[in-house]
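Structure, as structure tokens:
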Amino acid sequence: MKRLQILVFFTLLCIFPFKTQAQNYTRNAGVRGGITSGFTYRNYMDENNALEGMLSFRLNGLQVTGLREFFMPKLEEYSENIYMEWGYGAHVGTTYADSWKFGTYTYFSSRKFSPVLGIDGFVGLEYRIREFPFVVGIDYKPFFELSANRFFHLQIWDIAFSLKYAF
């Protein structure tokens, strides 16, 4: 419930912008929904390159992800505001689980703490709304990770929708 309250607060903060400098923004912040859902912050190094950080909640834990992203305008015949994005990165964090998989599942009576370390890929499409300082996107972020409770985990279906405020 507390995560929902934080998500609603952050969304309202994005809906009521403090300034409307939408033409030449260099940063954006917002929310991402999906398997790895949470908050995101992106800093553009130039029009075609950016660094993005994510604070996400997954498996009752907390992960921090850093991504290096590249952009290319796509579908210019329909709109000049549609961009394809791709990149790579890594994540680190924690999870809490009541089972451990190493060949077969082993179940515990309570949840156990486990550190997580992983590698991420990233591909997506985003629409930059120039009149309003918002970015709407859909992305695909497969990842591979090592942890104590799963040892090796490959997640290939982390598809998400994102809404970001540009400033």
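Taking into account only those residues within region 147-158 that are of a type outside the set (D, E, K, R) and surrounded by 14 or more Cβ atoms within 10 Å (Cβ to Cβ), which is nearest to the chain's Cα centre (by Cα)?
To start, the set of residues in region 147-158 that are of a type outside the set (D, E, K, R) comprises 147-149, 151-157.
Subsequent filtering for residues that are surrounded by 14 or more Cβ atoms within 10 Å (Cβ to Cβ) retains 147-149, 153, 155.
On the way: 147: 20, 148: 23, 149: 23, 153: 18, 155: 14 Å.
Among them, the one singled out is 155.
Restricting attention to region 72-92, which residues are crowded, with 19+ Cβ neighbours inside 10 Å and either out of contact with any Ser or Thr (no Cβ under 8 Å at 6 or more places or on another chain) or of a type in the set (Phe, Trp, Tyr) (or both)? Explain how you work it out, then say what you get.
As a first pass, look at region 72-92 and keep what is crowded, with 19+ Cβ neighbours inside 10 Å: 83, 85, 87, 89, 91.
Residues satisfying the conditions are 83, 85, 87.
Give region 102-140 a look and list any residue that's within 15 Å of residue 164 (Cβ to Cβ) and of a type in the set (Lys, Arg), or say none. Spell out the reasoning first.
Kept after step one, since they are within 15 Å of residue 164 (Cβ to Cβ), are these residues of region 102-140: 122, 124-130, 132-139.
Hits for region 102-140 are 128, 130.
Taking region 44-84, which residues are closer than 13 Å to residue 124 by Cα and either in a loop (DSSP other than H, G, I, E, B) or among the small types (Gly, Ala, Ser) (or both)?
74, the sole residue that qualifies.
If I filter region 132-149 for residues that are farther than 18 Å from residue 37 by Cβ and of a type in the set (D, E, K, R), do I get at least one hit?
No: zero hits.
List every residue pair whose Cβ atoms lie under 6 Å apart, where the two residues are 6 or more positions apart in sequence or sit on different chains, the first residue falls within region 77-97 and is among the hydroxyl-bearing types (Ser, Thr, Tyr), and the second residue, located anywhere, is in a loop (DSSP other than H, G, I, E, B) and surrounded by fewer than 16 Cβ atoms within 10 Å (Cβ to Cβ).
96/60
Each value in this text was obtained by applying a stated rule to the coordinates, not by laboratory testing. Computed from a predicted model, the values in this text were never measured in an experiment. Here the Cβ is made from the backbone with ideal geometry for all residues, glycine too, and neighbour counts use every protein chain on show.
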